[in-house]
Amino acid sequence: MLQIDILTVLPELLESPFSHSILKRATQKGLLDIRVYNLRDYTPYKHGQVDDYQFGGGAGMVMMPEPLAIAIEKLQEKTKYDEIIYLTPDGEKLNQPVTNQLSLKENLLLICGHYKGIDERIREHFVTREISIGDYVLSGGELAAAVLVDAVGRLIPGVLNDETSALSDSFQDNILAPPVFTRPADFRGWKVPEELLSGDPKIIDEWRHEQALKRTEERRPGLTDY
Ligand code: ADE
């Protein structure tokens, strides 16, 4: 059972992504529990203020330390977190080994930043891990949090069945997945490789493995490096 708490100024953004398909089933099975908290509910400032100008000047607001510290400490009264994760473009890059690791935890707190980010003191004193979902800048951490929750949630033991097994995913063995085909076997004259139609598991496995290696070599030659 993995509980993921998310702290955000835009809870609406996180309503839909987890209520479908595999994550919905994970939640219904009691394997995943996602709780979204509105940072503005914890601010000591008027009008729900959570951000302010940066010291030293410069464009862009910074999320103030008090609302975050108050919210985190309040949540910590109920839950002991294995990791408090701040989603940020300067964090460690999210990849399959990291998602595998996180899927085995019990309690995670995700912090979504906005504007120019959060006050550095929160990163120093509360955050235990900083994660980026890629080398581009999003307008907030919410979509990054949604990506992380999706990638992690589907790996929780018991979430996937045979049909959706993670074992054959791209990246699971540092190798990309082979091409896949479904009916019809001949679509506009474009034919499904005969190996896949052979009915011989050995031929099929060999073809898939060869294709996976070829794809990895062509598209991501450095994939085995991490
Ligand atoms: N917040 C803004 N951009 C981000 C990114 N690329 N990854 C994680 N959090 C972010």
Q.
Among PHE171, HIS209, VAL192, whose Cα projects farthest towards the positive end of the dipole of the range 170-225, with charges put on the beta-carbon of Lys, Arg (+1) and Asp, Glu (-1)?
A. VAL192
Q | Residue-level accessible surface for GLU217, protein heavy atoms, 1.4 Å, Å² | A | 130 Å²
Q: Please work out the Kirkwood hydrodynamic radius for the range 2-153, using every pair of different C-alpha atoms, and report it in angstroms with one decimal place.
A: 15.7 Å
Q. Which shape class applies to the range 170-225: rounded if a/c is under 1.5, otherwise prolate when a/b exceeds b/c and oblate if not, where a ≥ b ≥ c are the square roots of the Cα gyration tensor eigenvalues?
A. prolate
Q. Between ARG35 and TYR53, what length comes free when the chain is fully extended (0.36 nm per residue of separation minus the Cα-Cα distance, one decimal in nm)?
A. 3.5 nm
Q.
Show log10 I(q)/I(0) for the range 1-73 at q = 0.16, 0.18 Å⁻¹, two decimals, from a solvent-free Debye sum over equal Cα scatterers.
A. -0.69, -0.78
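Taking 8 Å as the Cα distance limit and 6 or more residues as the minimum spacing, I'd like the relative contact order of the chain as a percentage. Can you show the working numbers first?
Values: 335 pairs, mean separation 47.2, N = 226.
That works out to 21 percent.
How much of the accessible area of the range 2-153, probe 1.4 Å, is carbon plus sulfur, in whole percent? It would help to have the intermediate numbers written out before the result.
Numbers: 3920 of 7660 Å².
Taking all protein chains in place, the range 2-153 shows 51 percent carbon and sulfur surface.
Sorted by accessible area with a 1.4 angstrom probe, largest first, how do VAL36, VAL137, VAL98 fall? Don't skip to the answer; put the middle values down first.
On the way: VAL36 55, VAL137 125, VAL98 10 Å².
Solvent-accessible surface, decreasing: VAL137, VAL36, VAL98.
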Q: Post the alpha-carbon centroid distance, the range 1-34 to the range 86-106, in whole angstrom.
A: 17 Å
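Which pairs break 27 Å Cα to Cα here: LYS46/LYS105; LYS29/LYS116; LYS29/LYS105; LYS24/LYS46? Mind dumping the intermediate values first?
Working: LYS46/LYS105 36 Å; LYS29/LYS116 38 Å; LYS29/LYS105 17 Å; LYS24/LYS46 36 Å.
With Cα atoms farther than 27 Å apart: LYS46/LYS105; LYS29/LYS116; LYS24/LYS46.
What net charge is computed for the residues neighbouring LEU196, neighbours being all others with C-beta under 14 Å from the C-beta of LEU196, Lys and Arg scored +1, Asp and Glu -1? Numbers along the way, then the final one.
Numbers: positive: ARG183, LYS191, LYS202, ARG208; negative: ASP186, GLU194, GLU195, ASP200, ASP205, GLU206, GLU210.
Result for the neighbourhood of LEU196: -3.
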Q. If PHE18, PHE187 are ordered by their accessible area, calculated over protein heavy atoms with a 1.4 Å probe, which sequence runs from highest to lowest?
A. PHE187, PHE18
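Leaving ligands, DNA and RNA out of it, rank THR79, THR27 by accessible area with a 1.4 Å probe, largest first. Spell out each step's value before the answer.
Working: THR79 15, THR27 60 Å².
So, going from the largest accessible area down, we get THR27, THR79.
Using the heavy atoms of the protein chains alone and a 1.4 angstrom probe, what is the accessible area of the chain per residue in square angstrom? Walk me through the numbers on the way to the answer.
Numbers: 13320 Å² over 226 residues.
So the chain comes to 59 Å² accessible per residue, rounded to a whole number.
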Q: Could you list which residues have their amide H under 5 Å from that of ILE6, counting only those 5 or more apart in sequence or on another chain, with H placed in the peptide plane?
A: ARG35, VAL36, TYR37, LEU110
Q. Got a number for the accessible area of LYS74? Probe 1.4 Å, square angstrom, nearest 10.
A. 110 Å²
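How much length, in nm to one decimal, is gained on full extension between ASP162 and MET61, taken as 0.36 nm per residue of separation minus their Cα-Cα distance?
Working: separation 101, 0.36 × 101 = 36.36 nm, distance 4.73 nm.
The span from ASP162 to MET61 would gain 31.6 nm if fully extended.
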Q) Counting only the heavy atoms of the protein chains, how much of HIS125 is accessible to a 1.4 Å probe, in Å² to the nearest 10? A) 140 Å²
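The values are calculated or read from the model by the stated rules, or taken from the named source; none is laboratory data. None of these values were measured; they are calculated from a predicted model. FYI the Cβ positions are ideal-geometry reconstructions off the backbone, even for glycines, and counts take in every protein chain you see. To get the accessible areas, we keep the full protein, side chains included, count just its heavy atoms, and leave off ligands, DNA and RNA. Shrake-Rupley method; radii C 1.70, N 1.55, O 1.52, S 1.80 Å.
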